[in-house]
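Peer 1: Here it is: the structure, laid out below.
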Amino acid sequence: MRKIFLVEDDQSIREVLEVVLSSENYDVRSFSNVLAFTQRDKSINPDLYLFDVMLPDGSGIDLCNELRNNLQNKDVPVIIMSAHAKLIEISDACQPDDFISKPFDIDNLLLRIHDILEN
């Protein structure tokens, strides 16, 4: 079962993504903020990271940069979600594997996650 680490501060979005991704047989670990994510069990490595950009105590872009600079995680795909940032701003900042604008179509998100994990 593929693991996805989700960092999303909006509880309703986080819960919907947990349910939908779990129903697609993904093992989802979700975090509501940067602090919770940094306190995770680092012995568990995901197959994909799904980060919101604007978090109450930091940024998904900063998390992406940290992962890209970490040898253990630098090749793990990252998808960035945002209602505010533009793709060009995100790409210049952290070079994610994909960018999802909010609000998003859940079927499109699932397809993009599947495509990234299969390639």
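Peer 1: Residues that are over 17 Å from ILE116 (Cα atoms): find the strands (runs of 3 or more DSSP E) completely inside the stretch 1-85 holding 2 or more of those. Quick ask: steps written out before the conclusion?
Peer 2: Values: elements: 3-7, 27-31, 48-52, 78-82.
Filter on the stretch 1-85 gives 27-31.
Peer 1: The conditions are (1) hydroxyl-bearing (Ser, Thr, Tyr); (2) over 18 Å from SER101 (Cβ atoms); (3) surrounded by 15 or more Cβ atoms within 10 Å (Cβ to Cβ), and SER43 fails exactly one of them. Which is it?
Peer 2: With (1) hydroxyl-bearing (Ser, Thr, Tyr); (2) over 18 Å from SER101 (Cβ atoms); (3) surrounded by 15 or more Cβ atoms within 10 Å (Cβ to Cβ) applied to SER43, the lone miss is (3).
Peer 1: From ASP52, ASP62, ASP27, which residue is more than 25 Å from MET1 (Cβ to Cβ), in contact (Cβ under 8 Å) with a residue 24 or more places away in the chain, surrounded by 12 or more Cβ atoms within 10 Å (Cβ to Cβ) and of a type outside the set (Lys, Arg)? Don't jump to the end; show me each part of the working.
Peer 2: Details: ASP52 fails: more than 25 Å from MET1 (Cβ to Cβ); ASP27 fails: more than 25 Å from MET1 (Cβ to Cβ).
On inspection, the qualifying residue turns out to be ASP62.
Peer 1: Exactly one condition in (1) closer than 15 Å to ILE13 by Cβ; (2) out of contact with any Cys (no Cβ under 8 Å at 6 or more places or on another chain); (3) modelled with pLDDT under 95 is false for ILE80; which is it?
Peer 2: Result: ILE80 passes all but (2).
Peer 1: What about LEU71, is it touching a Pro at 6+ places or on another chain (Cβ under 9 Å) and surrounded by fewer than 16 Cβ atoms within 10 Å (Cβ to Cβ)? Full working, then the answer.
Peer 2: Working: touching a Pro at 6+ places or on another chain (Cβ under 9 Å): no; surrounded by fewer than 16 Cβ atoms within 10 Å (Cβ to Cβ): yes.
It is false that LEU71 is touching a Pro at 6+ places or on another chain (Cβ under 9 Å) and surrounded by fewer than 16 Cβ atoms within 10 Å (Cβ to Cβ).
Peer 1: Anything in the stretch 12-24 that is touching a helix residue (DSSP H, G or I) at 6+ places or on another chain (Cβ under 7 Å) and either free of Cβ contacts under 8 Å to residues at least 24 places away in the same chain or crowded, with 16+ Cβ neighbours inside 10 Å (or both)? List them, or say none. Before the answer, list the steps.
Peer 2: Here is the first cut: in the stretch 12-24, the ones touching a helix residue (DSSP H, G or I) at 6+ places or on another chain (Cβ under 7 Å) are 20, 24.
Passing the criteria: none in range.
Peer 1: Taking the condition in contact with a Leu (Cβ under 6 Å, 6 or more places away or on another chain), of a type outside the set (Lys, Arg) and surrounded by fewer than 19 Cβ atoms within 10 Å (Cβ to Cβ), does ASP9 pass? Can you show your working first?
Peer 2: Details: in contact with a Leu (Cβ under 6 Å, 6 or more places away or on another chain): yes; of a type outside the set (Lys, Arg): yes; surrounded by fewer than 19 Cβ atoms within 10 Å (Cβ to Cβ): yes.
So ASP9 passes the test.
Peer 1: Taking ASP107 as the residue in question, decide whether it is under 20 Å from LYS3 (Cα atoms), touching a residue at least 24 places away in the same chain (Cβ under 8 Å) and not polar (S, T, N, Q).
Peer 2: Taking the combined requirement at face value, the residue does not satisfy it.
Peer 1: Kindly indicate whether ASP115 is outside any helix (DSSP H, G or I) and acidic (Asp, Glu). Don't jump to the end; show me each part of the working.
Peer 2: Numbers: outside any helix (DSSP H, G or I): no; acidic (Asp, Glu): yes.
So ASP115 does not fit the description; no.
The values are calculated or read from the model by the stated rules, or taken from the named source; none is laboratory data. Computed from a predicted model, the values in this text were never measured in an experiment. When we count neighbours, we look across all protein chains shown, and the Cβ atoms used for this are built from the backbone with ideal geometry, even at glycine.
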